[in-house]
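The values are calculated or read from the model by the stated rules, or taken from the named source; none is laboratory data. Bear in mind that the values here come from a model prediction, so they are computed numbers and not experimental data. Positions of Cβ are generated from backbone atoms using ideal geometry, with glycine treated the same way; all protein chains shown enter the neighbour counts. Side chains are part of the model used for accessible areas, which takes the heavy atoms of the whole protein and leaves out ligands, DNA and RNA. Shrake-Rupley method; radii C 1.70, N 1.55, O 1.52, S 1.80 Å.
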Amino acid sequence: MPNTIELPAIDQEVDVTTKLATAVETQAQVIVHCHFLAMSPGDGYRIWPTTFLTCQHSGHRSKLVHAENVCYYPQWQFAQKAGWHSFTLVFEPLPSTCTLFDLAEEIPESGAFKAHGIKRNKSDVYNVEFM
């Protein structure tokens, strides 16, 4: 008696390219390397979880998902010396149609990190300076 192997059904109505592109887009991230100038030792800095990337065309907001080398509010990080300091922020993906976006902390006090008019690139990795 011969063995019969049943093959799984193949979904022929879904374009494989579209399916893969969608999977890649949902796993994409936007990485922003932030650099700021501490005027003196002891200057405090931190990042609020209410920091977003906003597409200037659609208004879509990408949420902050991870921060590296910086404390989250309500904690503070203090500059050991005057000069440039860096940290990295990772955000949810921007829409594929976005070509220009802003980075902004939405906080109830002064001193928010903000960068306007960032031009989108293919790598979705950016360097932003805050003065």
What per residue convex hull volume, in Å³, comes out for the stretch 39-131 when only alpha-carbon positions are used?
-> 101
1.4 Å probe accessible area per residue over the stretch 73-131, in Å² | 63
Estimated FRET transfer efficiency when R0 is 30 angstrom, pair Asn121-Met39 (beta carbons, to 0.05) = 0.50
